[in-house]
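The values are calculated or read from the model by the stated rules, or taken from the named source; none is laboratory data. Just so we're clear, the structure is a prediction, and the values are computed from it rather than from any experiment. Cβ coordinates were reconstructed from backbone atoms using ideal geometry, including for glycine residues, and neighbour counts include every protein chain displayed. For the accessible areas, the whole protein counts, side chains as well, though only heavy atoms, and no ligand, DNA or RNA atoms are used. Shrake-Rupley method; radii C 1.70, N 1.55, O 1.52, S 1.80 Å.
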Amino acid sequence: MATERKPKVAPKARRSGLFVGLLTASATFSVFLIAALVWGWSVYYAPGPSARSGQDTIVTLPSGSGVSAIAATLKESGVIRSIDMFKAAATITGADRRLRAGEYRVPDRASLRSVLKLLTDGTVVRHYVTLPEGWSSAQAVDILNKQGVLTGTVEVPPEGSLWPETYEVSRGETRQAVVARMQKAMNDNLAKLWAARGPTTVVRSPEEAVILASVVEKETGVAAERPRVAAVFSNRLRLGMRLESDPTIIYGITKGRPLGRGIRQSELAADTGYNTYLISGLPPTPIANPGRDAIAAVLNPPRSEDLFFVADGTGGHVFARTFDEHLVNVARWREVERRKAGLPPAGATSPTADPAATGTPPPVASGEAIITMQPQGAMRPAAPGGR
């Protein structure tokens, strides 16, 4: 029986077939690769999910979060469609090494590319809390309570312990932590200001500086006047005169809340422990949280002979060295007040007949006292214990 023999395939033919097979496989792979790239590219740039409410989504990424944790947070918040696609895109673009923690506002239907750019640029949502100069600690707590991104409760801190400033706060931060930052800022800044005090200051400690500065802060809203007001009060303390500051009467009544009306004559005579028309020296505590300029003013008051000041009707004050000069300024101010109240002019009045010369406020229709600095010794404590 004859045996059939298989035809021999030339080596060249085998190599050609292998080449064709590899070429075919390569072409197929390329097609799939191109398709995958096109699909990935479209997903990368395509609009993302719609915000679940409103025009954007707030996402908070804690510090120290890795790519997987960030992707999971974004997916849970409805910002991205796929955790794997986010991780792949972050790795391919190198964004995984530049993602930043913080609070982000992601726009509605933001693409994967936009989300990554937002997180790598660090375009975080910033929240600020401002404590104005001269606001009380009770008012500071009101400000913190109105800031919805903060958490927890806080007791009203000691008056004068907070540094007026604008603070950046984070969502979820406790109100107590913000108060602690405000108190640290006060301690740090007060130490620097105290170290730079001058020889004209009358205060004997940083605590006294804050008390007197709080009175200066509440007496004038004109920054340029603070040194001059500080000089008046420093001169009065040096001579043993009472400060006779209206804001101290108000603080004794409200403990840091706005009074919302004028001071009544009965309140002028009430010894609350803060009424500096009745007590000698400084109030027992600050009456507000003073700022840098007010503290610096009492630690370096200018040399001056002024002992009196009164409102000038324009938001500022007019100053005087003697009580007679002061009476003339008071008469002008009272005319301003009468015009504002729609009352007729008081007419020519001799300075010696002015009610302030006897320490008695003039009668007004509202029953509220018109307060101004009195002649030395004009007012006495209403009860034992006045200082």
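The table below gives the values:
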{"read-out": "Region 232-310: GluC sites (Glu not before Pro) in DSSP coil with no more than 13 other Cβ atoms inside 10 Å", "value": "GLU305"}
{"read-out": "Cut-off under 5 Å, modelled amide H: who pairs with LEU61 long-range", "value": "GLY102, GLU103, TYR104"}
{"read-out": "Length gained when the stretch ASP324-ARG98 is fully extended (0.36 nm per residue, less Cα-Cα span)", "value": "74.2 nm"}
{"read-out": "Cα convex hull volume per residue for region 129-263 (Å³)", "value": "120 Å³"}
{"read-out": "Long-range Cα-Cα pairs in region 42-109 (distance over 16 Å), rounded percent", "value": "46 percent"}
{"read-out": "By average C-beta atoms within 10 angstrom, highest first, the peptides 316-322, 48-54, 110-116", "value": "110-116, 316-322, 48-54"}
{"read-out": "Base-10 log of normalised Debye intensity for region 62-163 (one unit scatterer per alpha-carbon) at q = 0.12, 0.22 Å⁻¹", "value": "-0.56, -1.07"}
{"read-out": "Among the listed pairs LYS218/LYS340; LYS146/LYS340; LYS117/LYS184; LYS146/LYS218; LYS184/LYS340, those beyond 32 Å (Cα-Cα)", "value": "LYS146/LYS340; LYS117/LYS184; LYS184/LYS340"}
{"read-out": "Low-density loop positions, trypsin sites (Lys or Arg not before Pro), region 163-222 - DSSP coil, at most 11 other Cβ in 10 Å", "value": "ARG204"}
{"read-out": "Coil-residue trypsin sites (Lys or Arg not before Pro) of region 246-279, DSSP, other Cβ within 10 Å capped at 10", "value": "ARG261"}
{"read-out": "Anchor LYS255: aspartates and glutamates whose Cα lies under 12 Å away (excluding residues fewer than 8 positions away in-chain)", "value": "GLU159"}
{"read-out": "Sequence ranges 76-85, 132-141, ranked by mean other-Cβ count within 10 angstrom, highest first", "value": "132-141, 76-85"}
{"read-out": "Apportionment of accessible area to carbon and sulfur, region 211-254, percent (1.4 Å)", "value": "54 percent"}
{"read-out": "Karplus-derived HN-Hα couplings along region 107-123 (A = 6.51, B = -1.76, C = 1.60, θ = phi - 60°), whole Hz, x at Gly and Pro", "value": "x, 4, 6, 5, 5, 4, 4, 5, 5, 4, 5, 4, 6, 7, 6, x, 7"}
{"read-out": "Shape parameters for region 174-218, alpha-carbon atoms, Rg then Dmax in Å", "value": "12.5, 42"}
{"read-out": "Whole-number D in µm²/s for region 188-344 (Stokes-Einstein; Kirkwood sum over Cα pairs; 4 °C, 1.567 mPa s)", "value": "80 µm²/s"}
